Structures are given as C-alpha cells and as structure tokens.
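Read through the structure below, which is laid out as structure tokens, and then see the notes.
Every number in this text was worked out from the coordinates using simple rules, so none of it is lab data. Note that the structure is a prediction, hence the values are computed from the model and not measured. Cβ placement follows ideal geometry from the backbone for every residue including glycine, while neighbour counts extend to all protein chains displayed.
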Amino acid sequence: MGDVVVAFAAGSPSPSGTVLISGTGVIATKTIAHAPVALAPEVPVAVAGDGAGAAAWLALRELVPPAEAARLHARLASTGR
C-alpha cells in the first residue's frame with residue numbers, strides 16, 4: 001500500500017477525495033470509492049522553484065478540474081481555509 005492510500009484513509013472518513021503529501025517533494029492522488037484513480041507525478045521541491053507551495057500547486061493542478069479549483073480558490077479567499 002502506498003503512502004497516498006494510507007494518508008487518505010487516515011485523514012478522511014470519506015470514500016472519495018484528494019490527498020496531498022508534501023515534504024522534500026510533493027505527491028497527490030485522487031481517490032474514488034477507496035481506490036486511487038489518478039496520481040499526479042511526484043514533483044521535487046527543487047524543480048518547482050518556489051518551494052513546497054509551488055510543488056503542491058503543480059501536483060494538485062494535475063488532479064483538480066478547473067471548475068473545482070475555482071470553487072476552492074473562492075472559498076479560500078472568503079473563509080481563509
């Protein structure tokens with residue numbers, strides 16, 4: 001079992017969603033019905049150029065549809081989370 005599967009199961013009771021793991025690199029996966037269905041390529045922080053925040057953005061960009069990204073951005077702007 002990979003890190004993203006364990007991280008998702010530990011962090012959410014939901015059977016579907018997205019998990020992002022960030023450290024010296026960043027990896028993200030989309031899970032549907034407890035099964036990973038999309039894996040963003042691992043992005044080393046050094047490649048991202050701006051640190052972990054940029055690497056996280058690059059990884060999530062592979063998984064989150066544009067409309068959902070806009071909704072999340074609007075929620076962050078209005079609530080701060």
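Among 6-17, 65-76, how do they line up from the highest to the lowest mean number of other beta-carbon atoms within 10 Å?
So the peptides 6-17, 65-76, ranked by packing, come out 6-17, 65-76.
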Exercise. Using 1/(1 + (r/R0)^6) with R0 = 30 angstrom and r between the beta carbons of residue 33 and residue 74, what's the FRET efficiency to the nearest 0.05?
Worked result: 0.65
For this session: May I ask you to evaluate 6.51 cos²θ - 1.76 cosθ + 1.60, the Karplus curve with θ = phi - 60°, for each residue of region 5-16 and list the ³J(HN,Hα) values in order in whole Hz, giving x for glycine and proline?
Result: 5, 5, 4, 5, 4, 6, x, 8, x, 6, x, 9
